[in-house]
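Working notes, beginning with the structure itself.
No lab work stands behind these numbers, since they all come straight from the coordinates. Computed from a prediction, not measured in an experiment: that's the story for all the values here. Because the Cβ atoms are built from the backbone with ideal geometry, glycine has one as well, and the counts that use them run over all protein chains shown.
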C-alpha cells in the first residue's frame with residue numbers, strides 16, 4: 001500500500017496499513033507470509049532417572065527435532081560428574097523435519113539427590129534438566145563403643161554389637177581386630193547384608209595383665225569402627241589347705257583317706273581340673289573341673305591303698321597355674337598274723 005498525504009482519511013488508512021504490517025511480522029505473517037529459520041522441539045523436555053543404586057547406572061534419551069525451515073545446529077554438553085552424555089554429544093546439525101537423539105547416563109557415586117543441565121548450544125533450544133537420586137546400603141552399628149569395666153586377670157567377659165543394613169542394596173564388610181587382651185569369638189570376617197538384615201559380633205575382653213586396656217574392631221569401609229575399653233583387675237589367687245597330705249603307715253590291703261581344700265582368696269574366677277595319675281592314690285571326691293568365684297572353696301578327698309611295702313608318693317594335679325599340686329605320701333606295711 002502507498003500512503004499519500006495530505007488528507008486525514010488517507011492518514012488513517014496509512015496508519016492502519018502500518019499496524020497490520022507490524023502484526024504480520026510479529027505473528028509470523030498470517031497474511032500470505034510463511035515463517036523461516038530453524039525451530040527446536042524437545043521430547044521429553046526433562047529426564048527423571050528416579051532412584052539408582054550407588055555403583056550402578058541408568059540411561060535415558062531425549063530427541064531434538066527441527067520443526068523449522070532451515071538447518072538447526074548446536075553443541076550438546078553436560079555440567080555434572082554423576083551424569084554423562086553417552087551418545088549424541090558434541091556438535092549436531094538437524095535438517096528441517098529431522099531429529100537428533102541424545103542419550104544421558106546417570107551413575108551416582110554417593111547417596112542423595114543429583115541434578116544436571118544438558119546444554120544444547122542454541123538459543124532456540126532450552127536446556128534439558130536431569131534429576132536422579134543415588135541410593136544404596138546404609139550401615140548402622142550399635143553400639144559403637146563398648147566399655148567392659150573391670151575384669152580380673154585370668155577371667156574374661158563377652159559383649160556384643162550389631163551391624164545392620166538400613167538402606168537399599170547389599171551392605172558388605174569385614175570384621176576384624178588386632179589388639180592384645182581383646183578377641184572376636186563370634187561374627188568375625190566377611191559379611192553381606194540386604195535391607196533389614198543384622199550381623200551380630202561378639203567381642204571378648206580377657207586381660208593378661210592389670211591396668212587400662214583399649215582397642216577397636218573394624219567393620220568395613222561403609223561402617224563405623226567399634227572402640228573397646230576395659231580394665232584388667234587383680235586376678236584369682238589360690239590357697240590350698242593343707243598343701244601336703246601325709247597318710248602315715250597303712251597296711252597293705254587297707255585304705256586311708258585324707259582331704260584338702262582349694263579356695264579362691266583373690267578376685268575373678270579360679271578354674272582348674274583335679275586329677276591323679278598314681279595307681280595307689282585316687283581322688284574319690286572333687287575329681288575333675290572346678291570353677292571358683294572369690295571366696296569359694298572346692299573340697300577334694302584322696303584315698304591311699306598301698307599294694308606293696310615301703311614309701312609311696314603321688315602329686316595330685318590342680319590343673320591351674322594359680323595353684324601348686326598337692327604332694328601325697330604314705331608307707332605301706334605288711335601285717336603279720
How high is the relative contact order of the stretch 40-135, given as a whole-number percent (alpha carbon pairs under 8 Å, six or more residues apart)? 36 percent
Compute the label zone of residue 91 within the stretch 121-138: residues whose backbone N is under 15 Å from the point 7 Å along Cα-to-Cβ. 121-122
The chain - mean residue ellipticity at 222 nm from DSSP helices (-39,500 (n - 2.57) per run, n ≥ 4, rounded to 500): -2000 deg cm²/dmol
Can you give the percent of C-alpha pairs in the stretch 272-320 whose distance is more than 14 Å? 53 percent
Using the alpha carbons of the chain, what is the convex hull volume per residue in cubic angstrom, as a whole number? 211 Å³
With the cut-off at 16 Å, report for the stretch 139-233 the share of all Cα pairs above it, as a whole percent. 51 percent
How high is the relative contact order of the stretch 139-233, given as a whole-number percent (alpha carbon pairs under 8 Å, six or more residues apart)? 38 percent
In units of 2.2 N^0.38 Å, what is the alpha-carbon radius of gyration of the stretch 138-190? 1.38
Once you have all Cα-Cα distances for the stretch 37-168, histogram them in 10 Å bins from zero and send the whole-percent values. 12, 31, 19, 12, 9, 7, 6, 3, 1, 0
Going by alpha carbons, how many degrees (0 to 90, nearest 10) lie between the helix axis of 8-26 and the longest principal axis of the chain? 30 degrees
What number does the stretch 182-242 give for Rg over Rh if you use C-alpha atoms and the Kirkwood radius? 1.19
The relative contact order of the chain, taking Cα pairs under 8 Å that sit 6 or more residues apart, comes to a percentage of 11 percent
For the stretch 238-333, diffusion coefficient by Stokes-Einstein and Kirkwood Rh (Cα), 4 °C, 1.567 mPa s, µm²/s: 96 µm²/s
